[in-house]
Amino acid sequence: MAGTVLRLITRLNRGGPLRQLAGLAPRLTALGWGGPVACGLAQGGEEDAAAELERRGVPVVRVARLGRRLHPARDARALREVLALIRRVRPDVLHTHMGKAGALGRVAGRIARVPVVHTLHGHHFDAGPLAGALARRAERALARWTARWVCLTPRQARDLTHVHGVAPRERVRIIPPGLDLAELAAAARQPLPRHARPRPDEVRFVWAGRFVPVKDPFALLAAVGRARQPWTLWMLGEGPLRAGFREAVARRGLGARVRAPGPVAEVAPWLAASRGLVLCSRSEGASLAALEAMGLGRAVVTTTVGGMPDVVAHESEGLWVPPGDPGRLAEALDRLAADPALAARLGAAGRERAAARHGADALARATAALYEEVRAGGGTMPRR
């Protein structure tokens, strides 16, 4: 049995949610669950990557007034746009991603009487005392209009159900993120720009993300200053902190060791040319960059935040460090730089895990089964 799903996401900048949709949507269509992706516009200097979905045959519809920030007048108009889209598409299921789309989508689903599935991509309940409290309050208010929540990791599900008491466990499903490993391997074979190709004796690490406070890029800059091994660091991405980061690199005379070239279309070839990936976030859901590194057989150094301990096993597939600790970051990267056999062992185990647990086909099958479950249950106001 098949149906129509309307997916609503706040924006389609380059990042984990986009890459998940790019792999998931065509496979869901093949399983009989087709439908458009509706999104707002990328903001704040972000690259709008909607063309990546359209290139894969996924129709994209713009919700012009949908934005990240709270704006009552614009949000009311965005809600009307979403309602008009629901009435035109007439989906069996509305699937929302990210905070603002999740809030407006669930209100719209209640009005239009369409069941809503909401995916949590991060650990927003731990985003500081005020922001976390507001996120928990909002999610509890929206709970009666949420048919199912999708969590990416067991830790995320525990936070949602038991730690914060936002959702009843029977309406939460854990569906790990998925990768098209064959496509990832093909992307990894793309050549790097000439200026970015590693020297024969270079040990390189890659960071990929947005230059924003929650990703804590300056912790890595401090780690470079404490390192005992001469590894280099390539910081891939864009964001409001990037200009200040580059200035700090120049001010400290670290330009030969730290590069921040900006956003790249494909992270895979950069990962393939590295010893491993490093993540120093203060909050994280289930980093797709980490899974891509694992899929390519690269070790991962990650802070123990959010769902990352569920994604990367310490001393088995990568190394854990506490958040906000440049000294421990430097120690972990020094270990991998000095011990290529350790890096190779961790990378090989990560590749096995990615192949066994994080395939895109498995993600699509689990998601289609969830849609069937939700449609069979009917209604938009499940009981608590």
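Taking Cα pairs under 8 Å and at least six residues apart, what relative contact order does the range 77-219 come out at, in percent?
Values: 134 pairs, mean separation 22.3, N = 143.
Worked out over the range 77-219, it gives 16 percent.
Which of the peptides 149-155, 97-103, 177-183 is most tightly packed, and how do the rest follow, going by the mean number of other Cβ atoms within 10 Å of each residue? Before the final figure, lay out each step's value.
Details: 149-155: 21.6, 97-103: 23.4, 177-183: 19.1.
Per-residue mean Cβ counts within 10 Å order the peptides as 97-103, 149-155, 177-183.
Is it possible to state the helix-based mean residue ellipticity at 222 nm for the chain, with each DSSP H run of 4+ residues giving -39500 (n - 2.57), the sum divided by total residues, to the nearest 500 deg cm²/dmol? What is it? Can you show the working numbers first?
On the way: 15 runs with 166 residues, N = 384.
Taken over the chain, the calculation gives -13000 deg cm²/dmol.
Inverting the mean 1/r over all pairs of different Cα atoms, compute the Kirkwood radius of the range 181-357 and quote it in Å. If you can, show how the numbers build up before the last one.
Numbers: mean 1/r = 0.0630 Å⁻¹.
It is 15.9 Å.
As an exercise, use a Förster radius of 22 Å and the Cβ-Cβ distance of V214 and R62 to find the FRET efficiency, rounded to the nearest 0.05.
Values: r = 27 Å, r/R0 = 1.22.
Step by step, r from the Cβ atoms, then E = 0.25.
In degrees, nearest 10, range 0 to 90: what is the angle between the Cα axis of helix 217-226 and the longest Cα principal axis of the chain?
Rounded to the nearest ten degrees, it is 20.
Once amide H atoms are built 1.01 Å from N in the peptide plane, which residues 5 or more positions from N13, or in another chain, come under 5 Å H to H?
Amide H neighbours of N13: A49.
Can you give the angle from 0 to 90° between the axis of helix 72-89 and the longest principal axis of the chain, with both taken from C-alpha atoms, to the nearest 10?
Once rounded, one gets 70 degrees.
Can you work out the FRET efficiency for the pair R90 and A366, with r the C-beta to C-beta distance and R0 = 41 Å, to the nearest 0.05?
Details: r = 25 Å, r/R0 = 0.60.
The value I calculate is 0.95.
At a Förster distance of 22 Å, what's the computed FRET efficiency of A182 paired with E54, Cβ-Cβ distance as r, to 0.05? Walk me through the intermediate numbers first.
Working: r = 22 Å, r/R0 = 0.98.
Result of the calculation: an efficiency of 0.55.
Skipping prolines and chain starts, which residues have an amide H placed within reach, meaning under 5 Å, of the one on G276, given they are 5 or more residues away or on another chain?
V206
What is the helix-to-structure angle for 340-357, meaning the angle in degrees between its Cα long axis and the longest Cα principal axis of the chain, kept from 0 to 90 and rounded to the nearest 10?
10
Which ³J(HN,Hα) values in Hz, rounded to whole numbers, follow from the phi angles of the range 58-63 under the Karplus curve 6.51 cos²θ - 1.76 cosθ + 1.60, where θ = phi - 60° and Gly and Pro get x?
In residue order, the calculated couplings are 9, x, 10, 10, 8, 10 Hz.
Describe numerically, in nm with one decimal, the distance between label points set 7 Å from Cα along Cα→Cβ at E315 and at E266.
3.7
Hey, what's the per residue convex hull volume over the C-alpha atoms of the chain, in cubic angstrom? Each step should come with its number before you reach the end.
Details: hull volume 49.9 nm³, N = 384.
In the chain, the Cα hull volume divided by residue count equals 130 Å³.
Mind listing the phi-derived Karplus ³J(HN,Hα) values for the range 197-209, rounded to whole Hz, using 6.51, -1.76 and 1.60 with θ = phi - 60°, and x for any glycine or proline?
6, x, 5, x, 9, 7, 9, 10, 10, 10, 10, 9, x
Using the Karplus curve 6.51 cos²θ - 1.76 cosθ + 1.60 with θ = phi - 60°, what ³J(HN,Hα) values do you get for each residue of the range 368-375, in whole Hz, with x for Gly and Pro?
Whole-Hz 3J(HN,Hα) from phi for the range 368-375: 4, 5, 5, 4, 4, 4, 5, 5.
Given H placed 1.01 Å from N in the peptide plane, which residues other than close sequence neighbours of V58 have an amide H under 5 Å from its amide H?
Counting only residues 5 or more places away or on other chains, the set is empty.
Laboratory data are not the source of any read-out in this text; all were calculated from the coordinates shown. Quick caveat: nothing in here was measured; it's all calculated off a predicted structure. All Cβ positions, even for glycine, are placed from backbone atoms using ideal geometry, and neighbour counts span all protein chains on display.
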